[in-house]
1. State which residue is least open to solvent (accessible area, probe 1.4 Å) when the search covers only the range 246-280 and only residues that are assigned to a helix (DSSP H, G or I) and charged (D, E, K, R).
2. Looking only at the range 32-52, filter to residues that are modelled with pLDDT of 95 or more and in a loop (DSSP other than H, G, I, E, B); which one of those is surrounded by the most Cβ atoms within 10 Å (Cβ to Cβ)?
3. Could you tell me whether the range 294-311 includes any residue that is over 21 Å from residue 235 (Cα atoms), basic (Lys, Arg) and open to solvent by 40 Å² or more (accessible area, probe 1.4 Å)?
4. Note down all Cβ pairs under 9 Å where the first residue falls in the range 184-200 and is without any contact (Cβ under 8 Å) to a residue 60 or more places away in the chain, the second is assigned to a strand (DSSP E or B), and they're at least six residues apart or on different chains.
5. Based on what the data block shows, is residue 387 touching a Phe, Trp or Tyr at 6+ places or on another chain (Cβ under 7 Å), farther than 14 Å from residue 27 by Cα and modelled with pLDDT of 75 or more?
6. Which pairs have Cβ atoms under 7 Å, sit 6 or more apart or on different chains, and link a residue in the range 19-43 that is among the hydroxyl-bearing types (Ser, Thr, Tyr) to one that is outside any helix (DSSP H, G or I)?
7. Looking only at the range 277-295, count every residue that is out of contact with any helix residue (DSSP H, G or I) (no Cβ under 6 Å at 6 or more places or on another chain) and farther than 24 Å from residue 340 by Cβ and tell me the total.
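The values are calculated or read from the model by the stated rules, or taken from the named source; none is laboratory data. All of these numbers come straight from a predicted model, not from anything done at the bench. Here the Cβ is made from the backbone with ideal geometry for all residues, glycine too, and neighbour counts use every protein chain on show. Protein only, heavy atoms only, side chains kept; ligands, DNA and RNA dropped before computing areas. Shrake-Rupley method; radii C 1.70, N 1.55, O 1.52, S 1.80 Å.
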Amino acid sequence: MENMFRLMDHDQELTNSRCIWVNGPVIVGAGPSGLATAACLREQNVPFVVLERADCIASLWQKRTYDRLKLHLPKQFCQLPKMPFPESFPEYPTKRQFIDYLESYATKFEINPKFNECVQTARFDETSGLWRVKTVSNTESTRSEVEYICRWLVVATGENAERVMPEIEGLSEFSGEVIHACDYKSGEKFAGKKVLVVGCGNSGMEVSLDLANHFAKPSLVVRSSVHVMPREVMGKSTFELAMKMLKWLPLWLVDKLLLLLSWIVLGNIEKYGLKRPEMGPMELKSVKGKTPVLDIGAIEKIRSGKIDVVPGVKRFNGNRVELVNGEQLDVDSVVLATGYRSNVPYWLQESEFFAKNGFPKTAIGNSGWKGRTGLYAVGFTRRGLSGASMDAVKIAQDIGSVWKLETKQPTKRSTASLRRCISQQF
């Protein structure tokens, strides 16, 4: 507590801004990872504050996804801790159903994020032994700055915080429409148009499929090797089959069986320009965190010629694009399905736990959730929603054990305790 007073005395320049002491952890991000962590903390009776730069929970799902999106994995692998999906939901819930589930989840666990609060900086103060998280809140008429002081900081901004915009010669001068996949909603307005889709991950494949279904003429850019797997084999989830086999068989054998099943269902996809990596799909996911593409119909469109697969882009020239093989295409629009990146390096002033790419240095696997000095990360282990849920449980248990030991609080649920550091002395 003495350190807290020293901290306040040192920062009298903040008198024109609010400074808030959080009696528990600050969670940055109100997506599925942040919500899962908050719910687990609630069950541990640990108060918390969730900061969210958008005006809603799960803003990626609500504002930056296309209309036809469904969960790529069965719902049992995507549910958050302490609350399964409703039984009435299909095996692969729609975007709207998943958002409804998350909103019900937040209501059940009394999670009320502070919306429109964008974190500018977060750093650990060695003198006080506390985290200092500065935010800016912009509303229609006011701009306010707040500094949150807390003992624990949970980074839950995830792997997909910012879109990746590729640098391609001539793209800025392209005469047609250029959008990122996060701004793509439906292929309806592209009917009859020639659309270049740059990127062959799950988003690129599904956008191409949606364009073909709406009678557009998509060309899918496949620059490097990619594993494409059927979403289901004989009515069973391919992912679920892989998880079951991994309990009994070595990884290399599981990969060979998965590739055999893919060949049986999809045929030889390499003749369509989809070259497979040398490393097997599960090994590639384990070692490099690269997720296989789960096919939901794009391969059939490629086979029938309704989706054209082309190699990498060399440059744009007017409304034409030159490919690396010298071929030139006339295109009306471009959709950049070039993925996302972490934004952690832009605001977290820390280099021991997080690497320059915005991921924990041990992000792949089971050890990327806890750093030093009360710093945690959730949703960065490249294991999807199930991985984020496991991280959330561990983080809440870790913080909860310390909290209960030091406070010896009763078992009733706690709500976040906020104090104004300057205007309200303890």
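1. Of everything passing the filter in the range 246-280, 255 is least open to solvent (accessible area, probe 1.4 Å).
2. 48
3. Scanning the range 294-311 turns up at least one residue that is over 21 Å from residue 235 (Cα atoms), basic (Lys, Arg) and open to solvent by 40 Å² or more (accessible area, probe 1.4 Å).
4. Between residues of the range 184-200 that are without any contact (Cβ under 8 Å) to a residue 60 or more places away in the chain and residues that are assigned to a strand (DSSP E or B), the close pairs are 187/195; 187/218; 192/217.
5. Answer is no for this residue.
6. Close Cβ pairs (under 7 Å, with a partner that is outside any helix (DSSP H, G or I)) amount to 33/156; 33/158; 33/378; 33/379; 37/27; 37/154; 37/156; 37/378.
7. Looking only at that region, the number is 1.
Residue-wise test of (1) buried (at least 22 other Cβ atoms within 10 Å of the Cβ); (2) farther than 24 Å from residue 347 by Cβ.
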residue	(1), (2)
168	no, yes
180	no, no
195	yes, yes
200	yes, yes
